[in-house]
Amino acid sequence: MPKYYEDKEEDGRACGGVREDLRQCLLESRCVLQENKSPRQCLREGHCRSLQTTFFACKRSMLDTRARFRGRKGY
């Protein structure tokens, strides 16, 4: 189960669960903690790539008209 659902309030924004997990992944990565880089730099270097693609798919599904029938991607 994603970390988002453990003891957290519901985020009303779209793709809130994926957004929170991506944020936590970046803040807990070795790149941020030990190398003292910004989360944006670590994201560009390729850290947390799977969550980044999931977040992108979720945001893209908001613009897709077929999502009315299929539902939003992500969680």
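The values are calculated or read from the model by the stated rules, or taken from the named source; none is laboratory data. Everything numeric in this text was worked out from a predicted model, so none of it was measured. For neighbour counting, all protein chains shown are included, and Cβ atoms are generated from backbone atoms with ideal geometry for every residue, glycine included. For accessibility, only protein heavy atoms count, side chains too; no ligands or nucleic acids. Shrake-Rupley method; radii C 1.70, N 1.55, O 1.52, S 1.80 Å.
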Legend entry - region 1-46: number of residues that are open to solvent by 100 Å² or more (accessible area, probe 1.4 Å), under 23 Å from Ser61 (Cα atoms) and modelled with pLDDT under 90: 5
Inset, instruction - List every residue pair whose Cβ atoms lie under 7 Å apart, where the two residues are 6 or more positions apart in sequence or sit on different chains, the first residue falls within region 47-75 and is modelled with pLDDT under 80, and the second residue, located anywhere, is part of a helix (DSSP H, G or I) and open to solvent by 50 Å² or more (accessible area, probe 1.4 Å). - result: Arg72/Met62
